[in-house]
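To start, the structure under review is shown below, and the notes come after it.
The values are calculated or read from the model by the stated rules, or taken from the named source; none is laboratory data. All values reported here derive from a predicted model rather than from experimental measurement. Note that we place each Cβ from the backbone using ideal geometry, even for glycine, and neighbour counts take in every protein chain shown.
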Amino acid sequence: EVLRRLRAAANPIPVLVLTARDATADRIAGLDAGADDYLVKPFDVDELKARIRALLRRSVSRAEPVLNYRDVSLDPVAQQVSYRGQPVALQRKEFLLLHELLAQPGRVLTRDRLQQVLYGWDEEAESNALEVHIHHLRKKLFPELIRTVRGVGYLVDKA
């Protein structure tokens, strides 16, 4: 459950599960929940160290770059947004939504896709929740940032 929450919050921290549960179904469940690696007890300490080094190498190589769009800057690693050099406080879902839009400028993202990013498959959302988050982003940043494509979804124009 903790692992699912980490991943739902887009937390990129590497996770190595150490457990005595050695059934294939348990390993699959752990990896599907978002674990990067799974090691069953008893284990060799040198193997554990090697797996940790590998996780750290992979996490450094997949560090996401800062996304810049006009006067908006979004740092996915630090989970920070600034507008014209000033920090902007965003709610978690606003941050996730903005990240998704800025990562794909010029591409229309459907309502379904954006709701999947915000709520996953498990969480139920109010019918107008996406519009509320879009409204808050426009108000906190600038109104022209996110363009509505009627009947389809939203996009950030290419800079």
### Query
Going by the conditions given, is GLY34 of a type outside the set (Ser, Thr, Tyr) and assigned by TED's automatic domain parsing to the domain that holds ALA20?
yes
### Task
State yes or no: is ALA78 modelled with pLDDT under 90 and part of a helix (DSSP H, G or I)?
no
### Task
Check the range 127-136 and report whether any residue there is closer than 24 Å to GLU64 by Cα, part of a helix (DSSP H, G or I) and β-branched (Val, Ile, Thr).
yes
### Task
Test ILE13 against the stated conditions and say whether it is assigned to a loop (DSSP other than H, G, I, E, B), under 23 Å from the mean Cα position of the chain (by Cα), among the aliphatic types (A, V, I, L, M) and exposed (fewer than 12 other Cβ atoms within 10 Å of the Cβ).
yes
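Let's see how each residue does on (1) under 23 Å from LYS93 (Cα atoms); (2) surrounded by 11 or more Cβ atoms within 10 Å (Cβ to Cβ):
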| site | (1), (2) |
| --- | --- |
| VAL2 | yes, no |
| ARG7 | yes, yes |
| THR24 | no, no |
| TYR38 | no, yes |
| GLU47 | no, no |
| TYR69 | yes, yes |
### Query
Between a first residue in the range 1-24 that is in the same structural domain as ALA50 (by TED's automatic domain parsing) and a second residue that is at pLDDT below 80 and β-branched (Val, Ile, Thr), which pairs have beta carbons less than 8 Å apart while being 6 or more apart in sequence or on different chains?
PRO12/VAL77
### Message
Against the conditions (1) touching a Leu at 6+ places or on another chain (Cβ under 9 Å); (2) in a loop (DSSP other than H, G, I, E, B), where does LYS158 fall short? Just the number, please.
### Response
(1)
### Task
Evaluate the following for LEU56: is it in contact (Cβ under 8 Å) with a residue 40 or more places away in the chain, out of contact with any strand residue (DSSP E or B) (no Cβ under 9 Å at 6 or more places or on another chain), loosely packed, with under 14 Cβ neighbours inside 10 Å and not in a loop (DSSP other than H, G, I, E, B)?
yes
### Query
Looking at the range 40-91, which of the residues that are of a type in the set (Asp, Glu) and within 18 Å of the chain's Cα centre (by Cα) is farthest from ILE13 (Cα to Cα)?
ASP75
